[in-house]
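The values are calculated or read from the model by the stated rules, or taken from the named source; none is laboratory data. As the structure is a computational prediction, the values presented were derived from the model and not from experiment. Methodologically, a virtual Cβ is constructed for each residue, glycine included, from the backbone with ideal geometry; neighbour enumeration extends over all protein chains shown. When the accessible area is computed, the model is the full protein with side chains, heavy atoms only, and any ligands, DNA or RNA have been set aside. Shrake-Rupley method; radii C 1.70, N 1.55, O 1.52, S 1.80 Å.
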Amino acid sequence: MEKQISVVWKGDMAFEARIDEYKVVMDAMPSSGGQHLGPTPKPLLMASLGGCTGMDVISLAKKMRQEVESLEIRLKGTITEEHPMRYEAIHLVFLFTGKDLDPEKLQKAVDLSSDKYCGVGATLKDSVRLTYEVQIVGV
């Protein structure tokens, strides 16, 4: 299967990614010649990881009969100081709310996503240290 998108220069340091019928603007900070019209590319990569694993985890939790009311995934990336500046580590914290949630089942859902299903994580895992944490917060 092949997927194509386009990224079009919009002037200065701004680029617009065209993905299916959606448009995502990326830009640099003013200190780097941009106008801060959108996020920079590296945080979008982290957001893609969060979205990918989040979709897996919600789907798996439903199959495990977990009544998740909300899920927030907080990602923290560590970037190298030398060029090319890249993520060397990303830590994900899964914050679940819901009634009668089973921590073991939620951990299993996260593990299955990270080990088997999330394509973004699979793409990153050979070059970025990915770590995961599960927390259940108040309803």
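Here is how the numbers come out for the structure above:
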item	result
K63 vs. criteria farther than 15 Å from S113 by Cβ, basic (K, R) and at pLDDT 95 or above	no
Strands (runs of 3 or more DSSP E) fully within region 1-71 counting 2 or more residues that are surrounded by 17 or more Cβ atoms within 10 Å (Cβ to Cβ)	14-19
Which numbered condition V137 misses (of (1) at pLDDT 95 or above; (2) open to solvent by 40 Å² or more (accessible area, probe 1.4 Å); (3) over 19 Å from P41 (Cβ atoms))	(1)
Verdict on Y87 being closer than 23 Å to G119 by Cα, of a type in the set (F, W, Y) and open to solvent by 80 Å² or more (accessible area, probe 1.4 Å)	no
Unmet requirement for K76, which otherwise passes all of (1) assigned to a strand (DSSP E or B); (2) over 28 Å from G138 (Cα atoms); (3) open to solvent by 100 Å² or more (accessible area, probe 1.4 Å); (4) touching a residue at least 12 places away in the same chain (Cβ under 8 Å)	(2)
Scan of region 90-111 for residues that are over 16 Å from the mean Cα position of the chain (by Cα) and either β-branched (V, I, T) or open to solvent by 20 Å² or more (accessible area, probe 1.4 Å) (or both), ordered by number	T97, K99, D100, L101, D102, P103, E104, K105, Q107, K108
